[in-house]
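Please treat every number below as a calculation from the coordinates, not as lab data. Note that the structure is predicted; figures quoted are calculated from it, not measured. Every residue, glycine as well, gets a Cβ built from its backbone with ideal geometry; the counts of neighbours run over all protein chains shown.
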Amino acid sequence: MIDKDIEAGCVKKYGSHTRNLLKVKQGLEMIKVLCEELLATEGDDSLKDAAIKAYNQVLFPHHQYNIQKACATGLNSLPSKSLVLLLLGEAEETINVHLQSYVTASTPVIAYLDKLFLSKNLGIDW
């Protein structure tokens, strides 16, 4: 798929399969960082703080100003961690098992995609 986009000269064009795959990888990475931050912090503001940190680390550099501002507004209006746990019917201990499971499962997938992009000399920062 990536090779076909390279041959067609459309790797970085909007809607290309390669660009879409990079966006999926960035989404996986943002969720991974969010999970890691939630595992490392406690308190009711930890969801908002973790989401802001994950967004700023992973997606902020790739978004235009308007998207950055919209995301900041949305992230600042996230509910408390305890409310989300209540709505999910989860306890802190059980949710942490799920968070760690995602981190463990996503790490080699993200590494594989990074290696794939780098092996094609496409970079991963666009």
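The angle separating the long axis of helix 46-58 from the principal Cα axis of greatest extent in the chain is about 10 degrees. Other residues lying with their Cβ under 10 Å from the Cβ of residue 80 contribute a combined charge of 0, Lys and Arg counting +1, Asp and Glu -1. Rounded to the nearest 10 degrees, the inclination of helix 92-119 to the longest alpha-carbon principal axis of the chain is 10 degrees.
Whole angstrom only: what separates the Cα centroid of the range 84-126 from the Cα centroid of the range 46-68? Cα centroid to Cα centroid, the span is 16 Å. In terms of the Cα gyration tensor, with a ≥ b ≥ c the square roots of its eigenvalues, is the range 53-126 rounded because a/c is under 1.5, prolate because a/b exceeds b/c, or oblate? Oblate, because a/c is 1.5 or more while a/b does not exceed b/c. With contributions of -39500 (n - 2.57) from each DSSP H run of at least four residues, the per-residue ellipticity at 222 nm computed over the chain stands at -24000 deg cm²/dmol. Measure nothing but the geometry: give the 0 to 90° angle between the long axis through the Cα atoms of 17-40 and the longest principal axis through the Cα atoms of the chain, rounded to 10°. Its long axis makes an angle of about 20 degrees. For the peptides 74-83, 87-96, 33-42, residues were scored by their other Cβ atoms within 10 Å and the scores averaged per peptide; the highest-first order is 33-42, 74-83, 87-96. Semi-axis lengths, largest first, of the ellipsoid equivalent to the chain are 31, 18, 10 Å, with √(5λ) applied to each eigenvalue of the Cα gyration tensor.
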